[in-house]
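Everything below concerns the one structure shown next.
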Amino acid sequence: MKFHINPLASDIIISIYIIATLYLRFKFENNTNASPVLSIVLGLCFVVIIWVLIKLKILNPNWFGLLNSKNK
(Lines give C-alpha, C1' and ligand atoms only; values in the text may rest on other atoms or scores of the structure.)
Protein backbone atom coordinates (compact mmCIF):
# COMPACT_ATOMS: atom_id res chain seq x y z
CA MET A 1 0.00 0.00 0.00
CA LYS A 2 1.42 3.33 -1.05
CA PHE A 3 1.08 6.44 1.03
CA HIS A 4 -0.54 9.36 -0.84
CA ILE A 5 -1.36 12.84 0.35
CA ASN A 6 -4.19 14.74 -1.33
CA PRO A 7 -3.28 17.70 -3.57
CA LEU A 8 -4.31 20.55 -1.26
CA ALA A 9 -2.44 19.06 1.71
CA SER A 10 0.57 18.47 -0.54
CA ASP A 11 0.55 22.13 -1.60
CA ILE A 12 0.40 23.27 2.02
CA ILE A 13 3.17 20.89 3.10
CA ILE A 14 5.43 22.02 0.23
CA SER A 15 4.80 25.70 1.01
CA ILE A 16 5.59 25.26 4.71
CA TYR A 17 8.68 23.19 3.83
CA ILE A 18 10.02 25.86 1.47
CA ILE A 19 9.46 28.69 3.97
CA ALA A 20 11.03 26.69 6.82
CA THR A 21 14.08 25.65 4.81
CA LEU A 22 14.67 29.20 3.58
CA TYR A 23 14.46 30.45 7.16
CA LEU A 24 16.90 27.78 8.34
CA ARG A 25 19.32 28.51 5.50
CA PHE A 26 19.37 32.25 6.21
CA LYS A 27 19.74 31.67 9.95
CA PHE A 28 22.55 29.14 9.38
CA GLU A 29 24.40 31.46 7.00
CA ASN A 30 24.20 34.43 9.37
CA ASN A 31 25.41 32.45 12.38
CA THR A 32 28.29 30.61 10.69
CA ASN A 33 29.39 32.96 7.89
CA ALA A 34 29.07 30.07 5.44
CA SER A 35 30.37 30.34 1.91
CA PRO A 36 27.97 30.82 -1.01
CA VAL A 37 28.88 27.38 -2.39
CA LEU A 38 27.78 25.73 0.85
CA SER A 39 24.51 27.65 0.71
CA ILE A 40 23.84 26.48 -2.86
CA VAL A 41 24.63 22.86 -1.98
CA LEU A 42 22.35 23.02 1.05
CA GLY A 43 19.55 24.53 -1.04
CA LEU A 44 19.94 21.83 -3.70
CA CYS A 45 19.72 19.12 -1.05
CA PHE A 46 16.44 20.59 0.22
CA VAL A 47 15.05 20.75 -3.33
CA VAL A 48 16.08 17.15 -4.03
CA ILE A 49 14.14 15.96 -0.97
CA ILE A 50 10.92 17.55 -2.28
CA TRP A 51 11.60 16.32 -5.82
CA VAL A 52 12.00 12.72 -4.62
CA LEU A 53 8.76 12.88 -2.62
CA ILE A 54 6.91 14.14 -5.71
CA LYS A 55 8.48 11.50 -7.98
CA LEU A 56 7.53 8.73 -5.53
CA LYS A 57 3.95 10.06 -5.69
CA ILE A 58 3.85 10.65 -1.94
CA LEU A 59 3.22 14.35 -2.53
CA ASN A 60 0.75 15.22 -5.29
CA PRO A 61 0.98 18.98 -5.81
CA ASN A 62 -1.81 20.76 -7.62
CA TRP A 63 -0.03 24.12 -7.36
CA PHE A 64 -3.12 25.53 -5.64
CA GLY A 65 -5.23 24.92 -8.77
CA LEU A 66 -3.06 27.05 -11.07
CA LEU A 67 -2.20 24.19 -13.44
CA ASN A 68 -5.59 22.59 -14.09
CA SER A 69 -5.64 20.20 -17.01
CA LYS A 70 -7.91 20.92 -19.96
CA ASN A 71 -9.04 17.29 -20.26
CA LYS A 72 -11.31 17.29 -17.20
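The values are calculated or read from the model by the stated rules, or taken from the named source; none is laboratory data. Since we're looking at a predicted model, the values are computed, not measured. Heads up, the Cβs are rebuilt from the backbone with ideal geometry, glycines too, and the neighbour counts pull from every protein chain shown. Ligands, DNA and RNA are stripped out before the accessible areas are found, and what is left, the full protein with its side chains, is counted by its heavy atoms. Shrake-Rupley method; radii C 1.70, N 1.55, O 1.52, S 1.80 Å.
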Residues being within 30 Å of Lys2 (Cα to Cα) and in contact with a helix residue (DSSP H, G or I) (Cβ under 6 Å, 6 or more places away or on another chain) - total across the stretch 15-41 = 1
Of residues in the stretch 1-45 being aliphatic (A, V, I, L, M) and not in a helix (DSSP H, G or I), the one most open to solvent (accessible area, probe 1.4 Å) | Met1
Just one listed residue, out of Phe3, Phe64, is touching a residue at least 12 places away in the same chain (Cβ under 8 Å) and touching a Ser or Thr at 6+ places or on another chain (Cβ under 9 Å), and it is Phe64
Determine which single condition Ile58 fails, assuming it passes every other condition in (1) in a helix (DSSP H, G or I); (2) open to solvent by less than 100 Å² (accessible area, probe 1.4 Å).
-> (1)
Sole exception among (1) surrounded by 14 or more Cβ atoms within 10 Å (Cβ to Cβ); (2) modelled with pLDDT under 90; (3) not in a helix (DSSP H, G or I) for Ser69, by number | (1)
Can you pull out the residues in the stretch 46-55 that are hydrophobic (A, V, I, L, M, F, W, C) and open to solvent by 100 Å² or more (accessible area, probe 1.4 Å)?
-> Trp51
